[in-house]
Amino acid sequence: MNMTQLAGAALLACLTAMAGCTAIQPFPMAARAGDTITLAVGSQDGMDRSNTTVSFTSDSDLIPVDLSPGIRSIFNLYADKASNSYSPSISNVDTNFRYLHHEPWQTVIVLDLPATLALGPGKIRVQTTAPQPVGALEPGYNGTYPDLNTVDIGMEILPGSGTSNPFRYKTVFDGTLTGNLRDLEPTRQALVRPPKTDANGQWPTPFGAIEIKMNMPMTDMSGTGIVDDSSVRLVTQDVSMFTSSKAQASWSYDGSTFTIMFISTSGQLQYYEPRFSVMAETADFTSTPTITSIRYFDMNGNETTGPAITDYSVMLLGSFL
């Protein structure tokens, strides 16, 4: 990620609270046909250019115009870990940790408007088949997350011809370059998601450790013929600042079996904390990995019970670069 890409993405941070909600205005709120705009659209697992469309309907003619050909990038924008977005003591900030079970990030769409659009106010509508964080936040709580597919995002089209933002930036060695926003998009990965809620109160006691094993066949893409733990990397979603679990993760991969162990030195590991992605680096997945075993341990190292394998989900996302 280069500095200009970061600067462009950072403009969105002032528009959203990083709490999984959809911003009801773009940046900027008024633009010319042909300009570049950005949308902050909540926390969508697996949202990308293949499963997402965007349209604009002017209040003047009520005719939807497809903006999808202008989509330049869809990526997840994270807050600074030193910001209040990571403080569970701040009102409304703990939404990500308590209900979405991931770090504070927003899915962002960057797109170029078409050269011709009706002038005046109108509404943008985003449609995606990616899973939505909708429904009740937890048992007994009446709040719900909005479904992105039903949210109107207001925007005004101004007179004149706009210009696509090239996101140009200067580097020490290469002079002036044009930013590639697709470098910000998630690449090939297997996303493992634990259960969202404990509807029946089955797991009220936190754990000391959770071990997950997966059957994860891959094929080498580097030409070396080697598939091992150097072929992948691990990305975890750290919510330990909310749970006080002080969770740490260690893992191994032998080319077929991926093993990960989450350990809590405080014994406060919650059932929803083992959310992680296995990223494809020099090898690609030949099929969707499957969880073969999950073991739970209490603070004293004794094996105990927890969510079943069927309570978890595994999704293949992104493309291999």
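In region 152-168, the residues that are over 22 Å from residue 40 (Cβ atoms) reach residues that are surrounded by fewer than 13 Cβ atoms within 10 Å (Cβ to Cβ) with C-beta atoms within less than 6 angstrom, at least six apart or across chains, in these pairs: 168/176; 168/178.
Within the span defined as region 198-206, every residue fails to be under 13 Å from residue 280 (Cβ atoms) and hydroxyl-bearing (Ser, Thr, Tyr).
Screening 309, 291 for residues that are of a type in the set (A, V, I, L, M) and without any contact (Cβ under 8 Å) to a residue 24 or more places away in the chain leaves exactly one candidate, 309.
Each row is one residue, and each column tells you yes or no for (1) outside any strand (DSSP E or B); (2) touching a Ser or Thr at 6+ places or on another chain (Cβ under 7 Å); (3) in the same structural domain as residue 236 (by TED's automatic domain parsing); (4) surrounded by fewer than 17 Cβ atoms within 10 Å (Cβ to Cβ).
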{"site": "252", "(1), (2), (3), (4)": "no, yes, yes, yes"}
{"site": "262", "(1), (2), (3), (4)": "no, no, yes, no"}
{"site": "277", "(1), (2), (3), (4)": "no, no, yes, no"}
{"site": "306", "(1), (2), (3), (4)": "yes, no, yes, no"}
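Condition check for residue 242 on (1) of a type outside the set (Gly, Ala, Ser); (2) assigned to a loop (DSSP other than H, G, I, E, B); (3) within 27 Å of residue 47 (Cα to Cα): one failure, at (2).
Quick grid of which residues meet (1) surrounded by fewer than 19 Cβ atoms within 10 Å (Cβ to Cβ); (2) β-branched (Val, Ile, Thr); (3) at pLDDT below 85:
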| site | (1), (2), (3) |
| --- | --- |
| 5 | no, no, yes |
| 12 | no, no, yes |
| 30 | yes, no, no |
| 89 | yes, no, yes |
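Report yes if residue 179 is over 19 Å from the mean Cα position of the chain (by Cα), buried (at least 20 other Cβ atoms within 10 Å of the Cβ) and not assigned by TED's automatic domain parsing to the domain that holds residue 284, otherwise no. Judged against the criteria, residue 179 is a match.
The values are calculated or read from the model by the stated rules, or taken from the named source; none is laboratory data. Computed from a predicted structure; not experimentally measured. Here Cβ is always computed from backbone atoms with ideal geometry, including for glycine, and neighbour counts include all displayed protein chains.
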